[in-house]
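Have a look at the structure below before the remarks.
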Amino acid sequence: MAGNSDVNLTSMPSPRSPSRAPSKSPPQPPKRRRHLTPEERAAIAEERAQGVQVQELARRWSVSRQAIHATLRRLSEGTSGGTSDGGQGEARAGARTGARVGSALLARRSPTLSVRARTEEIEALDAAAARRGLSRPQVLRRLVRNAGALLAPDTAGAAQLAALSRQVREAGVRLNRTTKACNEAQWRRQPIPYTTADHAQTWQAIEVVFDAVRQVQAWALAHRAQLDVVVEAALEGDGGGGSNADNGKP
């Protein structure tokens with residue numbers, strides 16, 4: 001070798017780039033809650049009364065569902081909630097809003113109908129509901145919803161029964177008159193005044209009574225058949241209450 005040479009070993013820089021401190025995004029200011037005006041609260045209440053769901057209302061008005069519920073609750077109670085500037089004019093507008101839509105909100109709430117019944121009656125109702133694959137609340141709701149048709153007065157049938165009642169009463173008067181005359185004659189030991197004409201009138205009166213019985217029976221059967229049709233229609237569908245009429249809620 002030509003000669004000895006000194007070799008200095010120095011540390012090489014690391015191929016990795018020097019580490020940097022992670023960048024932090026600037027803090028975001030807290031979101032301010034959107035304040036609803038009395039007019040907006042009125043519009044929300046009216047849309048809710050028309051059947052718009054709370055979640056959809058929250059999306060439309062860019063507020064939370066809790067804000068929608070609070071708005072509806074305040075309006076149903078007749079209060080306007082908070083005001084942005086505390087002004088008397090907005091407070092009066094909020095009060096008018098509550099008065100205007102409060103009745104609609106209260107009407108939308110389903111009232112509870114309770115009735116006392118014997119144990120065997122409830123069991124019979126549950127058994128009849130089970131045969132149709134319905135629950136007790138569903139049966140009761142459908143019957144109540146169709147109460148107008150189920151309890152509608154049969155004016156034609158009532159008139160027919162009244163006419164039959166008059167005919168039977170008149171026939172009864174004739175029979176009583178003939179019977180009384182025969183009894184008095186027998187008590188006085190006199191010939192019984194029962195002529196051929198009396199006999200014909202008696203049988204005519206009896207025929208009137210039997211004919212009335214037959215007509216009443218026919219009317220009862222027809223009325224029962226008609227009522228069965230109405231009940232069947234009421235229990236088969238929602239009775240015109242809409243697609244949400246039977247939602248499973250009691």
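Each reported figure results from applying straightforward, stated rules to the coordinates on display, with no laboratory input. A quick note: this is a predicted structure, and the numbers were derived from the prediction, not measured. All Cβ positions, glycine included, derive from the backbone under ideal geometry; neighbour counts span all protein chains shown.
In this label model, Arg73 and Ala222 are separated by 5.8 nm, measuring between points 7 Å along each Cα→Cβ vector. Placing unit charges on the Cβ atoms of the charged side chains and taking the dipole of region 119-236 about its Cα centre, the candidate lying farthest along the positive direction among Ala162, Val216, Leu227 is Ala162.
Given labels modelled 7 Å from the Cα in the Cβ direction, how far is it in nm from Arg188 to Ala163? Result: 4.1 nm between the two label points. Here the peptides 45-51, 129-135, 66-72 are ranked by packing, the mean other Cβ count within 10 Å, and the order with the highest first is 66-72, 45-51, 129-135.
Taking a quarter of the surface of the Cα convex hull of region 101-207 gives a mean projected area of 14.6 nm².
Here the simple spin-label model places points 7 Å from the Cα toward Cβ, and for Val230 and Thr202 these points are separated by 4.4 nm.
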